[in-house]
Structures are given as structure tokens and as C-alpha cells.
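Working notes, beginning with the structure itself.
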Amino acid sequence: MISCGIIGYGKMGKIRERAIRESGLGQLTGVYDACAPEMGGDVTVYASVEALLRDENLDAVFICTPNKYNKPYTIVALEAGKHVFCEKPPAFTAKEVGEIIEVEKRSGKKLMYGFNHRHHASIQKMKQMVDGGEMGRILWMRGRYGKEVDENYFKGWRANKEMAGGGIMLDQGIHMLDLLLYLGGGFDEVQAMVSNLYWQMDGIEDNVFANLRSSKTGICASLHSTMTQWRYLFSLEVFLEGGALVLNGLKTSSGAYGNEDLAIKRNQAHDPRVAFESEEHIIYHTDESWTSEVNLFLDSIEKDKAITAGNTRDALAVMLIIEQIYSAK
């Protein structure tokens, strides 16, 4: 069993605890949180991050804190000889991710970031079909991800530029951007418009519109990330030479985005001049992404394998584009 500690025992810390338990590969043995939670069993509550990291019996650390602490805690945990799983975003800039990568290399430890959307069953099906080539090359993609916020949002750290680093793009849109990269590969051309027209909080954008293109593959993608949606929405469309993959809905703990409805529509003979076949719909009712993600991390430690999803290369690719998006402010 891999001995795990959690830094930050709020909503995400509890989600990670449950996933560790369900994985069967690890066990929670230590926690640090500024609010000093009460824990039962054999779980130690540490007085500080430093005290947790000094525990030589601890193999891996899950960092589930406000964004501001992701980079510094990741670095000190790696330097303390711990494997690290950190929630997104990895840092506030691509340069900071580069600094983390240097520490990662020196440490020889595993480092993974929390991009759980990749692990949803519907996304895995889309990835399988794209990579299998059965519908030809991707032509274009479109991602929309939006939510409403209430007064509680303004009481939390996400409404604080210093703590959050940005607004809806860094908070939620980063997941959609990661999916576009995951399915379509890299993008080296970025156009964007960023606004805070409604909430008007300094440094906390409420809308991002971005267009992306790869000069190598020609794939184009558009992204809209918003917290003035007034209704919860997740929609990811991938159009290929031989048809389309359209995912509406995302199964989450809140249930706000609905079930995952993946529509698969093929055209005949890859020729748009002929009739299309009828759509096939696959509905996914459960979310096992959290457990799948933690399984990958712990399995990589146990078998000393490379992190294949949510690694620092993925983190750097996301942050390079987010920097370009934010430069459009």
C-alpha cells in the first residue's frame, strides 16, 4: 500500500481521499489543513505542511489547496522526496511550470496534475475513436463550458485574484482547453477575447472566447468559457472527415451538467455529398473519473511507470496557451 498524505482537506481533499480508498492501491495516513480537521483511525493530523513532509513513512502527497499554493507546495514536496499529485492549475505562468519541471527532474519522483475530465468514460470513448482513425482526421472542434455563480462565489478564494490567479478560464475553462489538446494535439496560433463585463472584478474574468489553430495539422478549435451562462452547460464537438462526435453533458457530483450524451454520426464513404447515417447515442450515467485518475497516479508509482496523462508536458502545454489568452486582456 502506498502511504498518502493530503494537504488541504476541503471539498477536493475529501474527493481525493475517497478515490485513494477506492483505488485499493493506497491508504490515507496523514492530513494537513489550516482548519485542523478531526480524523479518525490511523490518520495523523499534522500541525504544518512541513511536519507532514518530514514524515519519512509518507510516500505520496495530494495537494488540494487554493491555486496560489500549488507551485510552492509541489516544489517543497518533491524536494522532500515525495511523489506529488496536485490539483490544477499547476501554477500561474508557463515559466513557473518550467521551474517545477526542473525540480521534478532532479527529484526523480512522480508528478501528476488533476485534469480529471480526461478520465470520463465519454471522453475516453472519443479519444479511442479519434486515435483509431475510423472517422478520418479531425477537421475542427468546438468546446463550450459554462456555469452560473451565486453570492457564495464572492466569499471564497476563487474571487480573489491573488489566490486564484485568474477567473473562469483558469478555474473551469482550463479543463476544456486540456480536452482540446488531448484530442487534437497542440496549437500554436491563438486569438482571444477576455471580458469581465458583468461581474466586473479586477483580474477575475467572467468570459473567455478563444480560437486556436495548429499550423502543422490545420486543425482549428474554438472555446467559450463563461460564468454568465445562467445555466450549467458542457458541450464538446469534434468534427472529422468521416462524421462527428458530439458530447453534451458531463456527469459530476452536483449533477448540474446532466448525464453524458455522446452522439456519434458517420457519413457514408467519407463523402459529405452523400447522405449521412443515423446518429448513435451512448449515455453515460456515472462518473468514475476521480478514481480512474488516482489509479493512474498510484499505479505509476507502484510500477515505476511514466505518467501518461496530466504530466508536466500536458501542464506546460495548457499554461502556454492560457498565457496567450490572458495577454489579450
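No value in this document is a laboratory result; all are computed from the given coordinates. What you are looking at is a predicted structure, and each value in this text was computed from that prediction instead of being measured. Cβ atoms come from the backbone with ideal geometry, glycine included; neighbour counts cover every protein chain shown.
Here are the numbers for this structure:
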read-out: Rounded tilt (10° steps) of 312-326 against the dominant C-alpha axis of the chain; value: 70 degrees
read-out: The stretch 48-76 residues near the modelled Ala34 label - backbone nitrogen below 18 Å, point 7 Å along Cα→Cβ; value: 48-52, 63-74
read-out: Inter-site label distance for Gln124 and Ser327 at 7 Å from Cα along Cβ, in nm; value: 3.7 nm
read-out: Where N is the number of residues in the stretch 21-168, Cα Rg divided by 2.2 N^0.38 Å; value: 1.27
read-out: Computed label-point distance, nm, for sites Asp42 and Ala263 using a 7 Å Cα→Cβ extension; value: 5.2 nm
read-out: Proportion of all alpha-carbon pairs of the stretch 158-242 beyond 21 Å (%); value: 34 percent
read-out: Restraint check, Lys88/Lys251; Lys161/Lys251; Lys110/Lys251, Cα-Cα greater than 25 Å; value: Lys161/Lys251; Lys110/Lys251
read-out: 0 to 90° range, to nearest 10: angle between helix 289-302 axis and the chain longest Cα axis; value: 60 degrees
read-out: Estimated [θ] at 222 nm from DSSP helical runs (n ≥ 4, -39500 (n - 2.57)) normalised by residues in the chain, nearest 500; value: -9000 deg cm²/dmol
read-out: Calculated FRET value between Lys105 and Glu241, using beta carbons and R₀ = 35 Å, to 0.05; value: 0.30
read-out: Kirkwood Rh and Cα Rg combined as Rg over Rh, evaluated for the chain; value: 0.98
read-out: Given charges at Cβ of Lys, Arg, Asp, Glu: the stretch 121-286 dipole, positive-most of Met163, Gly186, Tyr232; value: Gly186
read-out: Spin-label pair Ser195/Ser278, simplified geometry with 7 Å Cα→Cβ offset, distance in nm; value: 4.2 nm
read-out: Estimated FRET transfer efficiency when R0 is 30 angstrom, pair Tyr153-Tyr69 (beta carbons, to 0.05); value: 0.95
read-out: Residue range of the chain that is longest and free of chymotrypsin sites (Phe, Trp or Tyr not before Pro) which are both DSSP loop and sparsely packed (at most 16 other C-beta within 10 Å); value: 1-197
read-out: Rounded tilt (10° steps) of 174-184 against the dominant C-alpha axis of the chain; value: 50 degrees
read-out: Space enclosed by the convex hull of the alpha-carbon atoms of the stretch 121-286, per residue, Å³; value: 127 Å³
read-out: About the Cα centre, charge dipole magnitude for the stretch 22-102 (Lys/Arg +1, Asp/Glu -1 at Cβ), debye; value: 320 debye
read-out: Descending principal axes extents, the stretch 1-77, alpha-carbon based, whole Å; value: 31, 26, 22
